[in-house]
Each structure stands twice: as structure tokens, then as C-alpha cells.
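Report on one structure; see the data block that follows.
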Amino acid sequence: MGRAFEYRKARKLKRWGNMSKTFTRIGKEITIAVKASGPDPANNPRLRTLIQNARSENMPKDTIERAIKKATDKDAKDYKELTYEGYGPHGIAIFVEAATDNNTRTVANVRSIFTKHGGSLGTQGSLTFLFDHKVVLKIAAKPDVELEDLELELIDCGVEEVEPDDEGNIILTGAFEDSANIQNYLEENGYEILSTEFVRIPNDLKVLPPDQRESIEKILEKLEEDDDVTQVFHNMKEEDEDPAE
């Protein structure tokens, strides 16, 4: 199994458990996409991606349509996507992504969480070298296309890993900067994209004993509870990852 595939599997239990928070996060991202490129999914690749993701999270169709309509309102909030980087206790690197209409509030909240839980917020770009920014797409398998043939077919558009998942679908991984090329190729060649996510995969994982893991879990939990935070990445080895990998 590829590194990105295994990392994604290890993160599955760490995803948002609160459905209302998930819908709020997707709603913010829809607002950003609509304001940037309009409300027509046919002319807005990012919006198409978000609609796919919303469906994969069982977001009702009318809720998706309301989010798109609300984003076109002149009074709709203007969200910006921001990143924050820092270290938690025991030298664990933590990368935070947020969507906010008030950067001052968000950075103050994130800094406070780091400080209160034994960490420190660093400067932007300070952790970039520790994480690889990847796009991970889940597509429906075509019964007449073998996995090896699919991998050869997708290499030229930037796909780096092709793996089957436990549900009979296929997981594709590529560099973040190749995400548009990959999406366009899949759409033009009749592949059904079920979901798309952007992840930051650590280059090196740190193993911590249980007593130290607890303090990291606490700071991650507090960051994920913040209303403006959309994703949190770190380089602590998850408990369900194989230490031999």
C-alpha cells in the first residue's frame, strides 16, 4: 500500500464526528468557491468537487442548493482560507487549515489553544517542508478497466498512487498542484468522482508513548472544535498505524 493510502486510512477515525459541523465546513467552502468562480457547477470545477463531497457526507440536496444560493447573496460572508503552523508538546508538528471571515479572531483563538496546551504557534511556511500537500480522490471502479491499466492511464495527468478501497472503489493520490489536471481527465473520460479531499501527509512520523499522546490528543481536539478550523494535520503516528511501515 502507498504512503498516502495508509495515512488516509489511519485518519479515517479522526474525521469530523459531528454532522452539523461537517455541513458548516462544507457550506463555508461552497461560499468561497461560488464567490470565486460563480454558482454554476458546470463552469466551476471546485464547486463540482464540493458538491460531490457534500453528497458523500450525506448532505441533503436541498441543503446543498441553499448553500449555493446563499453564497450568491450580496450580504453573504466573505470567507478566506488561511493556514497556521506550530508545534505541540513533545515536538509534534501541527498544521491547521481554517476558513474564516475574521482573521484576527481566528489567529487569536488558534494561538491561545497552542499556548494553553503546551505548544507554540510558528510563522507561516515554517512547517511546509515537513508535509506533502496531496489531493486524494475516490472514484467508482469501471468493471472493464483493470487497476494496472488505470494506473498507466492516469500517470500522465499527475496521479502517483492507485489503490482499491474496502468498498470496491478506487483511491487516487497526486500532488496538490496536479488536482485540476486529474479532475479534468477523470471527468472527460467518464469516471465518476465520489469525493475529493486535500491532505497534508507528514514526511516523518513521530512515535510517542501513551502518556505523551494524551497531551497531543487534547490540543488536536481543541483545535478541531474551533468553528473556523476546517482541518488539522500532525506528524504523530496514529495508534492504528503499523509501526513497521
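Cβ neighbours within 10 Å, averaged per peptide: list 109-116, 57-64, 142-149, 34-41 in order, most packed at the top.
109-116, 34-41, 57-64, 142-149
How many nm separate the modelled label positions at residue 69 and residue 187, each set 7 Å beyond the Cα in the direction of the Cβ?
Label at residue 69, label at residue 187, 2.4 nm between them.
What FRET efficiency comes out for the pair residue 61/residue 90, r = Cβ-Cβ distance, R0 = 51 Å, nearest 0.05?
After rounding to 0.05, the efficiency reads 0.70.
In deg cm²/dmol and to the nearest 500, what is the mean residue ellipticity at 222 nm of the chain if only DSSP H runs of at least 4 residues count, each as -39500 (n - 2.57), divided by the residue total?
Helices in the chain give a 222 nm mean residue ellipticity of -12500 deg cm²/dmol.
Relative to the present Cα-Cα distance, how much length would full extension add between residue 144 and residue 111 at 0.36 nm per residue of separation?
6.7 nm
Report P(r) for the stretch 17-67: all Cα-Cα distances, bin width 5 Å, range 0 to the bin holding the largest distance, values in whole percent.
Spelled out per bin, shortest first, that is 5, 23, 36, 24, 10, 2, 0.
HN-Hα J couplings of the stretch 21-28 from phi, Karplus 6.51/-1.76/1.60, θ = phi - 60°, integer Hz, Gly and Pro as x?
Per-residue couplings from phi come out as 5, 4, 5, 5, 4, 5, x, 5 Hz.
In whole Hz and in residue order, list the ³J(HN,Hα) couplings for the stretch 115-124 that follow from phi through the Karplus curve 6.51 cos²θ - 1.76 cosθ + 1.60, θ = phi - 60°; x for Gly and Pro.
After applying 6.51 cos²θ - 1.76 cosθ + 1.60, I find 5, 5, 10, x, x, 8, 7, x, 8, 5 Hz.
Just how large is the dipole of the stretch 114-245 about the Cα centre, in debye to the nearest 20, putting +1 at every Lys and Arg Cβ and -1 at every Asp and Glu Cβ?
Magnitude of the dipole: close to 880 debye.
Calculate the FRET efficiency for residue 83 and residue 152 from the Cβ-Cβ distance with a Förster distance of 22 Å, rounded to the nearest 0.05.
0.05
At 7 Å along the Cα-to-beta-carbon direction for both residue 128 and residue 218, put a label point, then send me their distance in nm to one decimal.
Between residue 128 and residue 218, the label points sit 3.3 nm apart.
What are the ³J(HN,Hα) couplings of the stretch 157-169, residue after residue, when phi is run through the Karplus curve with 6.51, -1.76, 1.60 and θ = phi - 60°? Round to Hz, x for glycine and proline.
Taking θ as phi minus 60°, the curve returns 9, x, 6, 9, 9, 10, 9, x, 9, 6, 9, x, 9 Hz for the stretch 157-169.
Starting from one equal scatterer on each C-alpha and no solvent at all, send me the Debye-based log10 I(q)/I(0) for the stretch 81-223 at q = 0.10, 0.12, 0.20 Å⁻¹, two decimals.
-0.47, -0.64, -1.10
Of all accessible surface on the chain at a 1.4 Å probe, what whole percent is carbon and sulfur?
Roughly 48 percent of what the probe reaches on the chain is carbon or sulfur.
Going Cα to Cα from residue 35, which lysines come in below 28 Å? Please leave out same-chain ones fewer than 8 positions away.
Within the straight-line limit of under 28 Å, residue 35 reaches these lysines: 21, 61, 69, 70, 74, 77, 80, 134, 138.
The values are calculated or read from the model by the stated rules, or taken from the named source; none is laboratory data. This is a predicted model, so every value here is computed, not measured. In this analysis, Cβ positions are derived from the backbone assuming ideal geometry, glycine residues included, and neighbour counts consider all displayed protein chains. To get the accessible areas, we keep the full protein, side chains included, count just its heavy atoms, and leave off ligands, DNA and RNA. Shrake-Rupley method; radii C 1.70, N 1.55, O 1.52, S 1.80 Å.
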